[in-house]
Amino acid sequence: MKYKKLIISIGANIRNPSGFHPMDTCEKAINEINNYPIKVLKRSNWYISDPIPRSKQPKYYNCLINGITELNDISVLKILNRIENKFGRIRLKKNMSRCIDLDLIDFSSRVKKCLKLSIPHPRAHLRKFVLIPLNEINPFWIHPLYKKNPKALLKKINYQIITILKK
């Protein structure tokens, strides 16, 4: 069976129900991903960003991972949702604070839009907290719809402030 390439965004801005700091919860989620048939190959540094849309929420901690899997995209999405639930993710309203957020950004450069999943992620090209770490770990990735690499896509975004934290 052929491996598919994954790009997964990991982020959080509040403690989880067990009291873990957002970065600790995210680290635990990355470790949990490795318990499934998904192999993490590379990960970015941590980045801190303001919430989008702008609000009084706490800042977000974000990183990206490159991985591979033999699974299909919906199976990967189900795993990511299972991990979010395990670490206390609650979905009551759109854009609310989160103790964990796992987004499938890309799945082998495929384009798919259905009720459960849109790939590439529909706002990835608009988010510095996705594009900067993506440029760090996979600068040659090409957006399947816009046909541009992360550096070219970043040139279109100037309003988001990002701070880097080393691994």
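So how many residues does the range 76-103 have that are free of Cβ contacts under 8 Å to residues at least 60 places away in the same chain, within 19 Å of residue 5 (Cβ to Cβ) and open to solvent by 40 Å² or more (accessible area, probe 1.4 Å)?
1
Inside the range 105-125, can you point out the residues that are hydrophobic (A, V, I, L, M, F, W, C) and either farther than 17 Å from residue 4 by Cβ or out of contact with any His (no Cβ under 7 Å at 6 or more places or on another chain) (or both)?
Start the filter on the range 105-125 by keeping residues that are hydrophobic (A, V, I, L, M, F, W, C), which leaves 105, 107, 111, 114-115, 117, 119, 124.
Within the range 105-125, 107, 111, 114, 115, 117, 119, 124 qualify.
Among the residues of the range 133-141, is there at least one that is closer than 19 Å to residue 10 by Cβ, assigned to a loop (DSSP other than H, G, I, E, B) and in contact (Cβ under 8 Å) with a residue 40 or more places away in the chain?
Looking for residues that are closer than 19 Å to residue 10 by Cβ, assigned to a loop (DSSP other than H, G, I, E, B) and in contact (Cβ under 8 Å) with a residue 40 or more places away in the chain, one finds at least one in the range 133-141, hence yes.
Considering every residue within the range 42-63, establish whether at least one is free of Cβ contacts under 8 Å to residues at least 40 places away in the same chain and part of a strand (DSSP E or B).
The answer is no, given that none of the residues of the range 42-63 is free of Cβ contacts under 8 Å to residues at least 40 places away in the same chain and part of a strand (DSSP E or B).
Looking at the structure I just gave you, is residue 67 open to solvent by less than 30 Å² (accessible area, probe 1.4 Å), in contact (Cβ under 8 Å) with a residue 12 or more places away in the chain and at positive phi?
Criteria not met by residue 67.
The values are calculated or read from the model by the stated rules, or taken from the named source; none is laboratory data. Because the structure is predicted, anything quoted here is derived from the model rather than measured. Here the Cβ is made from the backbone with ideal geometry for all residues, glycine too, and neighbour counts use every protein chain on show. Quick note on the areas: whole protein, heavy atoms, side chains included, nothing else; ligands and nucleic acids left out. Shrake-Rupley method; radii C 1.70, N 1.55, O 1.52, S 1.80 Å.
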